[in-house]
Structures are given as structure tokens and as C-alpha cells.
Amino acid sequence: MRAAHGLCAALALLLLPAGGRALRDGECEVCVTFLGRFYQSLKDNGVEFTPASIEKELLKSCKEAKGKENRLCYYVGATSDAATKIINEVSKPMSHHIPVEKICEKLKKKDSQICELKYDQHIDLSTADLRKLRVKELRRILDEWGEACKGCAEKGDFIRRIHELMPKYAPRAHGARADL
């Protein structure tokens with residue numbers, strides 16, 4: 001009888017995760033999204049799933065990454081200015097088709113900053129009152145569009161620039177706005 005209890009206890013310990021836990025919803029948002037999109041692009045482009053080819057493609061993808069995704073690439077070591085290099089923690093499991101959630105879970109154990117990255121909230125230009133936004137948020141809108149506001153000194157200058165570029169970058173929002 002004691003042997004049966006001991007066997008049950010040993011089996012329970014084996015089945016329980018060892019110190020780790022699964023990611024919660026919204027946790028590692030940037031990691032899961034970026035690596036998920038990266039994995040899908042590898043499949044779509046017919047890239048060979050070897051660690052070396054995945055590393056090469058990841059370095060290419062990271063050159064084009066901006067914002068929080070670029071920061072993720074920096075933490076993983078896929079940028080030229082990165083201090084650490086744990087890129088093999090992505091390429092090796094991905095070559096075995098391990099789900100990106102599990103890869104991000106393992107990356108979190110190596111560097112917790114990876115899962116602290118969150119995307120900035122998107123501003124709905126069709127309903128947002130630009131006059132109530134901070135200059136930092138107005139700048140971010142222009143940055144997302146790949147535009148700059150040279151010579152802008154005041155908030156009104158940024159708002160004017162956004163209104164000028166809105167038909168090009170956000171035509172639906174431009175059409176929905178009544179304040180123009």
C-alpha cells in the first residue's frame with residue numbers, strides 16, 4: 001500500500017511543471033506576435049527549417065523591425081548592437097516546430113524583459129481629438145507613418161502636419177472626421 005502511495009506521489013511530481021508555468025493571456029505579447037508572424041513567413045516562403053537558415057532569416061526580419069519588435073530583437077541578440085546573443089534559443093526550437101508560445105516561455109526564463117514588452121495602444125484617428133493628445137503621441141503617429149515634422153515647435157504644428165498627411169496614410173479616418 002505504501003509503495004502505491006509513493007508511486008502516485010512520484011507520478012504527480014513528474015506530471016507537474018518544474019518551476020515554470022504557461023504564459024497567461026497577453027503575456028509576452030510582442031514575442032508571441034512577432035515570432036508567430038516570423039514562423040508563418042518562414043512557412044510561406046518555403047525556408048528550410050534548420051537553425052542556421054532560421055537565424056539568417058531572423059537577422060533579416062530584425063533589420064526591418066521597428067519599435068517594440070526591434071527591442072525584442074535586441075534582447076534576443078538579433079541586432080548588430082545587441083550585447084547578448086541568445087538567438088539560438090529561438091532558431092533551434094523553431095527548427096523543431098515548437099510553438100512560439102513555448103519558445104517565448106523559455107526566452108522569459110533567460111531574460112524576463114522579453115515578456116515585459118507590450119505594444120503601444122493604437123490611436124483611432126477617426127474619433128480621437130488630436131488637440132487632447134500629448135505631443136509624444138502626435139510624434140508617434142507621424143513615426144508610424146514614417147514621416148517627420150521638421151520645424152515643428154508647438155503642438156498645433158504637429159496637428160497641422162497630421163491633418164496634411166491623413167488623406168495619404170489614413171484615408172478612412174480622414175473621411176470620417178468632421179473637424180476638417
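The values are calculated or read from the model by the stated rules, or taken from the named source; none is laboratory data. This is a predicted model, so every value here is computed, not measured. In this analysis, Cβ positions are derived from the backbone assuming ideal geometry, glycine residues included, and neighbour counts consider all displayed protein chains. What goes into the accessible areas is simple: the full protein's heavy atoms, side chains included, and nothing from ligands, DNA or RNA. Shrake-Rupley method; radii C 1.70, N 1.55, O 1.52, S 1.80 Å.
Against the set (1) 17.1, 59; (2) 15.6, 47; (3) 22.7, 83, the structure's computed Rg and Dmax of the Cα atoms in Å falls on (3). Note on residue 60: lysines with a C-alpha under 29 Å away, same-chain residues under 8 apart excluded, are 43, 68, 85, 92, 102, 106, 108, 109, 110, 118, 168. Overall shape: prolate for the stretch 51-104, with the ratio a/c of the largest to smallest alpha carbon gyration tensor axis at 1.5 or above and a/b above b/c.
Normalised per residue, the accessible area of the stretch 50-180 is 64 Å², obtained with a 1.4 Å probe and no contribution from ligands, DNA or RNA. The share of accessible area on the stretch 53-180 that comes from carbon and sulfur is 48 percent, using a 1.4 angstrom probe. Sorted on the mean count of surrounding Cβ atoms within 10 Å across their residues, most packed first, peptides 34-44, 111-121 read 34-44, 111-121.
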